[in-house]
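S.K.: Questions regarding the structure given below will be posed in turn.
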Amino acid sequence: MSASAVPWHAWARRTKRLLAAVGPGTSRLAGVACLVASQLSGAVLANDLPELIRIVVPLSAGSSLDSRARMLAEALGRQLQRRVIVENRPGAGGTVGALYVARARPDGATLLFNNTSHVISPHAYRNLAYDALRDFVVVSPAYESGLVLVAHPDVRATTAKELVALARSQREPLSYASSGIGGLPHLAMALFENTTGIDLVHVPYRGDAQGLTDVLPGRIPLMVSGYPAALPHVQAGKLRAIAVTSAKRTSILPDVPTIAESGFPDYSLDVWTCFLAPTRTPSAVLERLRREIRAALATPAMQQQLAASGAQPINLTPEEMTAYMGREWARYALLAQRLDLTPE
């Protein structure tokens, strides 16, 4: 509630208490000055965030990142008692949306919700107009998850080893869809090719949902996807889950092995996500957002929703997340160079 919205009788009660506290030896003018300062301070604390907050997702609607962002936006809106919306700005491996937020006014009204792609895509798309580390500040870590390698049911392989054998036996290389060049699914499959020594044809799209439109009818045989986008089709028998990319199995696909335990122990790819803001965002705004995001993530309903989508909250401070992102940047710079994650 702003100072102008405080009822007159509440002001009167506060005035009486404050003047009693300052005592008869203090001038009434000083007392009134103290009162005004306290009311304005309360107003600033109450209104340190805009009434409308946009969470920019740099992938298309229907992607796994998008679906989880909408869950979090709903929970955060309830927590803040403000309108929190998701705005999709896909393109160029997430760099379009990241640039938009980097240039946004640093007042807490515009946040970037991104995953590991944030430190991968800049290595594929060179000469970007922003710096993925210097132009952003971590608001709060969110969750970590994995990806799933799926195949059309007509593909004659049920395991990662069988898929590798099939790929080696083909006269023409198998193709796979991805959510875009430089994104996590592209990296996951490029790493799979590098680990297994096979060659596949990459067919990039603008998101998980768009790629799945060609995988579901069998026009493209393979894809790596986030759990929320792929799981309904796996459960319906329209896609076959071959393996998951993470170091450990997921509880939502308990019978699906990891790629590592499928015969390729050097393979592992886990996914982290976090909220980011433009670097110059005031510390008071960042602290309020951090507190409220953590509270929203800690609610039983939010934890159940994340677990049902194969994700778990990340228990890192913003400072620890910032340091971790720096290490991830360096790691993926070398990996992207080795895998040649450049636009064709």
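S.K.: Please go through region 162-183 and give me each residue that is surrounded by fewer than 24 Cβ atoms within 10 Å (Cβ to Cβ) and touching a Ser or Thr at 6+ places or on another chain (Cβ under 6 Å), ordered by number. Give the derivation first.
M.R.: Let us first name the residues in region 162-183 that are surrounded by fewer than 24 Cβ atoms within 10 Å (Cβ to Cβ), namely 162, 164-175, 181.
Residue satisfying the conditions is Val164 alone.
S.K.: Being among the β-branched types (Val, Ile, Thr) and not in a loop (DSSP other than H, G, I, E, B) is the filter; apply it to region 230-248 and report the residue that is surrounded by the fewest Cβ atoms within 10 Å (Cβ to Cβ). Lay out the reasoning, then the answer.
M.R.: At the first step, the residues of region 230-248 found to be among the β-branched types (Val, Ile, Thr) are 234, 242, 244-245.
From what is left, the residues that are not in a loop (DSSP other than H, G, I, E, B) are 234, 242, 244.
Working: Val234: 18, Ile242: 23, Val244: 28.
It comes out as Val234.
S.K.: Can you tell me which residue in region 126-161 is most open to solvent (accessible area, probe 1.4 Å), limited to those that are closer than 27 Å to Ala333 by Cα and among the charged types (D, E, K, R)?
M.R.: Arg134
S.K.: Here are the criteria: (1) more than 21 Å from Glu74 (Cα to Cα); (2) of a type in the set (A, V, I, L, M); (3) open to solvent by less than 10 Å² (accessible area, probe 1.4 Å). Tell me which single one Leu316 does not satisfy.
M.R.: Of everything listed in (1) more than 21 Å from Glu74 (Cα to Cα); (2) of a type in the set (A, V, I, L, M); (3) open to solvent by less than 10 Å² (accessible area, probe 1.4 Å), Leu316 misses just condition (3).
S.K.: Take Glu344 and decide whether it is more than 15 Å from the chain's Cα centre (by Cα), modelled with pLDDT of 95 or more and surrounded by fewer than 17 Cβ atoms within 10 Å (Cβ to Cβ). Give the steps one after another, and end with the answer.
M.R.: Details: more than 15 Å from the chain's Cα centre (by Cα): yes; modelled with pLDDT of 95 or more: no; surrounded by fewer than 17 Cβ atoms within 10 Å (Cβ to Cβ): yes.
It is false that Glu344 is more than 15 Å from the chain's Cα centre (by Cα), modelled with pLDDT of 95 or more and surrounded by fewer than 17 Cβ atoms within 10 Å (Cβ to Cβ).
S.K.: Take residues that are over 21 Å from Leu212 (Cβ atoms) and within 20 Å of the chain's Cα centre (by Cα) and tell me which of the strands (runs of 3 or more DSSP E) falling wholly in region 84-185 contain 1 or more.
M.R.: Working: elements: 110-115, 136-145, 147-151, 175-178.
The qualifying strands (runs of 3 or more DSSP E) are 110-115, 136-145.
S.K.: For residues in region 319-341 being open to solvent by 90 Å² or more (accessible area, probe 1.4 Å) and either in contact with an Asp or Glu (Cβ under 8 Å, 6 or more places away or on another chain) or not acidic (Asp, Glu) (or both), which is modelled with the highest pLDDT?
M.R.: Among those residues, the one meeting the criterion is Arg327.
S.K.: Across region 288-306, what is the total count of residues that are open to solvent by less than 50 Å² (accessible area, probe 1.4 Å) and part of a helix (DSSP H, G or I)?
M.R.: The number of residues fulfilling the criteria is 10.
S.K.: From Ser268, Ser262, Ser251, Ser283, which residue is at pLDDT 95 or above, under 22 Å from the mean Cα position of the chain (by Cα), open to solvent by 10 Å² or more (accessible area, probe 1.4 Å) and not acidic (Asp, Glu)?
M.R.: Ser283
S.K.: Among Thr213, Thr195, which is the only one that is in contact (Cβ under 8 Å) with a residue 12 or more places away in the chain, of a type outside the set (A, V, I, L, M), open to solvent by 40 Å² or more (accessible area, probe 1.4 Å) and in a helix (DSSP H, G or I)? Steps first, answer last, please.
M.R.: Values: Thr213 fails: in contact (Cβ under 8 Å) with a residue 12 or more places away in the chain.
One residue alone meets the criteria, Thr195.
The values are calculated or read from the model by the stated rules, or taken from the named source; none is laboratory data. All values derive from a computational prediction rather than experimental measurement. Quick reminder, even Gly has a Cβ in these numbers, built from the backbone with ideal geometry, and neighbours come from all protein chains shown. For the accessible areas, the whole protein counts, side chains as well, though only heavy atoms, and no ligand, DNA or RNA atoms are used. Shrake-Rupley method; radii C 1.70, N 1.55, O 1.52, S 1.80 Å.
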